[in-house]
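The structure appears right after this line, and notes come after that.
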Amino acid sequence: MTTTTVEPTVAKGRPPVTLSSKKRRKGSITLTVLTSLMALYALVPLAWLLINSTKTQDGLFSSFGLWFDDGPFALFSNIADTFTYDDGIFTRWLGNTLLYVVAGAGGATFLAVLAGYGLAKFDFVGKKAVFAIVIGAVAVPPTALAVPTFLMFSKMGLTNTPWAVIIPSLISPFGLYLMWTFAAQAIPTEMLEAARVDGASEFRTFFRLSVPLLAPGIVTTLLFTMVATMNNYFLPLIMLKDPDWYPLTVGLNAWNAQAATAGGEAVFNLVITGSLVTIVLLLGAFLLLQRYWQSGLAAGAVKE
Amino acid sequence: MAVPQLAAPPAVSPGGVRRKRRSYRAWQFVGPFMIVFALVFLAPIAYSIYLSLYRNRLIGGNAFVGLDNYRQALEDSQFWSAVGRVGLFLVVQVPIMLFLALLVALALDSGRLYGKSFFRVTIFLPYAVPAVVAALMWGFIYGSQFGLVGNLNDSLGWSLPDPLKPSLILASIGNIVTWEFIGYNMLIFYSALQVVPKSLYESAAIDGAGQFRIIRSIKLPAIRGALVIATIFSIIGSFQLFNEPAILRNLAPNAITTYFTPNFYAYSLTFSGQQFNYSAAVAVVMAVITMIVAYVVQLRGTKELG
């Protein structure tokens, strides 16, 4: 795996930039090899998942983990089975996950963008208090909040409904921090003053002028809240009883645990393929939007 | 907040009134966040503290017991063994993970790496894998049934120890967490390194400073803020360890107890034991410990800066 990936990049080499110093530092083979070890560490488990998603349940037990099975190439039948097993509940979980991600991460990003902008661009009564409260609360581990939130929500009759997962996902302190630092430097205060002189309302200014400038920061926040929402396991685990409302994470673990229960069918091939499908979706979003979140994160780091 | 030439304030109004009008405008933006924040952060914290002061008795129902639950928690050996376990995890896993992440970030930043963007994306990839999926996947790899460890032992005649046995389970979980978060921390460090003015390196090189000297004297001090932030996030993450042990428990029910981590303990108390009040006290104690440790790290991190 290392050789195939290193070769093409070696061939390309560095573009000759003459502007800089006279003696351009050359690439280091040793450094590249050492970093390749880290890349290998990152990739091997993913390769294991990909290879084993091509095996049948029997093939998993009879073949070497990091190589293909002699038996049938089962990737496509595994994918088909994943989506149809147990009356297609996986599709339902996928839909739930999308709902939680769109509503949760979308809502969290929206609130963080508004609040981050407000904190960065207005000087107002109570700003220091907002800062102190948010920073203080961030130190409280979210999972420590989950149990009391569950008890509260069960009194309010919200448990076992999608709201129980969506509402707590709406707050992302990290997203707020990111948007705050980003808005502080991406939006010229002069522009806002000029818009006010022209009589534009604050919201009109925000949506017409500021949002486009905030785009890289918004995409970054969206991706991090998406990961957080998709990663969420503890919250839906305690909030939801009905498998029909499970997100993928809780559902996949239920399939995995099924083998250990009396009379439960072992469907490890489906757990593996389902995991692969889950990862591919998220990775796809990350790679597609790479350019935006990297520039957004870089800008977020300037402030530190 | 410099006043630009063109856009002078529209009217000469007394500062106080203007500030109040501004406040109203600002709260239109900050308000929605704070309302939801109050519902999902402040209310549960308050409710938790309230619950922790009561106890449900067979006779007499719900009674105010003051700090009894806290007293119980402080004497609870299961709770402290859980705290000790995440403490050990924190002391061993976090430095290894952050050190590796820093090495990769420095390698990326050195400009001497072939295929830089390939490495940046590849090493970041695991972060995009949900923790549950990562734990399931590594669980399979560790497993004795069709896991890689068993495979290697069978086909190469090795005798690798079972990663799921009680003495190794914490290290195995540490490996999963390290795998998940190296890329994320690397990206934080790398982003911070990118902002350091390159001219500093050039003048240091002219003064005869070697690569390691530049790293020690310029790069590391420059990204101290990022190092402190990453350390605090990692501390919070370690103290609330739950997903990985909860999922590996299917494979290793004997190695992972119901009080394996403080979080897992609070979960078991609530959902298996129905001890809501005591569980709330455990959660509060844990939150306080986390805050103290995070605060001390922050204080030390910023003090050395000055």
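Out of all the residues in segment B:108-117, which are touching a Ser or Thr at 6+ places or on another chain (Cβ under 6 Å) and surrounded by fewer than 19 Cβ atoms within 10 Å (Cβ to Cβ)?
B:R112
Residues that are under 30 Å from B:P221 (Cβ atoms): which helices (runs of 4 or more DSSP H) entirely in segment B:40-119 hold 2 or more of them?
On the way: elements: B:43-52, B:68-74, B:77-109.
Hits in segment B:40-119: B:77-109.
Identify, please: which residue in segment B:251-274 is over 14 Å from B:L241 (Cβ atoms) and in contact (Cβ under 8 Å) with a residue 40 or more places away in the chain and is, among those, nearest to the other protein chains (Cβ to nearest Cβ)?
B:L251
Considering each residue of segment B:142-171, count those that are among the small types (G, A, S) and under 17 Å from A:W48 (Cα atoms), and give that number.
Adding up the residues that qualify gives 5.
Which one of these does B:M137 not meet: (1) in a helix (DSSP H, G or I); (2) out of contact with any Ser or Thr (no Cβ under 9 Å at 6 or more places or on another chain)?
So the condition that B:M137 fails would be (2).
I need every pair where a residue in segment B:155-182 that is touching a residue at least 60 places away in the same chain (Cβ under 8 Å) and more than 15 Å from B:S238 (Cβ to Cβ) has its Cβ under 9 Å from the Cβ of a residue that is surrounded by 12 or more Cβ atoms within 10 Å (Cβ to Cβ) and of a type in the set (S, T, N, Q), sequence separation at least 6 or different chains.
Short answer, once both residue conditions are applied: B:L164/B:S144; B:L164/B:S172.
Which one of the conditions (1) touching a Phe, Trp or Tyr at 6+ places or on another chain (Cβ under 8 Å); (2) over 30 Å from B:T257 (Cβ atoms); (3) not polar (S, T, N, Q) does B:D207 fail to meet, given that it meets all the rest?
Of (1) touching a Phe, Trp or Tyr at 6+ places or on another chain (Cβ under 8 Å); (2) over 30 Å from B:T257 (Cβ atoms); (3) not polar (S, T, N, Q), only one is false for B:D207: (1).
Being free of Cβ contacts under 8 Å to residues at least 24 places away in the same chain and β-branched (V, I, T): is that true of B:V149 here? Steps first, please.
Details: free of Cβ contacts under 8 Å to residues at least 24 places away in the same chain: yes; β-branched (V, I, T): yes.
Criteria met by B:V149.
Of the numbered conditions (1) under 30 Å from A:D242 (Cβ atoms); (2) within 12 Å of chain B (Cβ to nearest Cβ); (3) small (G, A, S), A:S62 fails exactly one; give the number of that condition.
(1)
Quick one: what pairs do we get from segment B:37-54, first residue of a type in the set (F, W, Y), second assigned to a loop (DSSP other than H, G, I, E, B), C-beta under 7 Å, 6+ apart or different chains?
Matching pairs, first to second residue: B:F37/A:I171; B:F41/A:I171; B:Y54/B:V65.
Can you tell me which condition B:L152 does not meet? The list is (1) within 13 Å of chain A (Cβ to nearest Cβ); (2) surrounded by fewer than 17 Cβ atoms within 10 Å (Cβ to Cβ); (3) within 26 Å of B:F242 (Cβ to Cβ), and all the others hold.
The failed condition is (3).
Spot the failing condition for A:V6; the list is (1) at pLDDT below 75; (2) surrounded by fewer than 19 Cβ atoms within 10 Å (Cβ to Cβ), and only one is missed.
(2)
The values are calculated or read from the model by the stated rules, or taken from the named source; none is laboratory data. Remember, predicted model here, so these are calculated numbers, not experimental data. Positions of Cβ are backbone-derived with ideal geometry, glycine not excepted, and every protein chain shown enters the neighbour counts.
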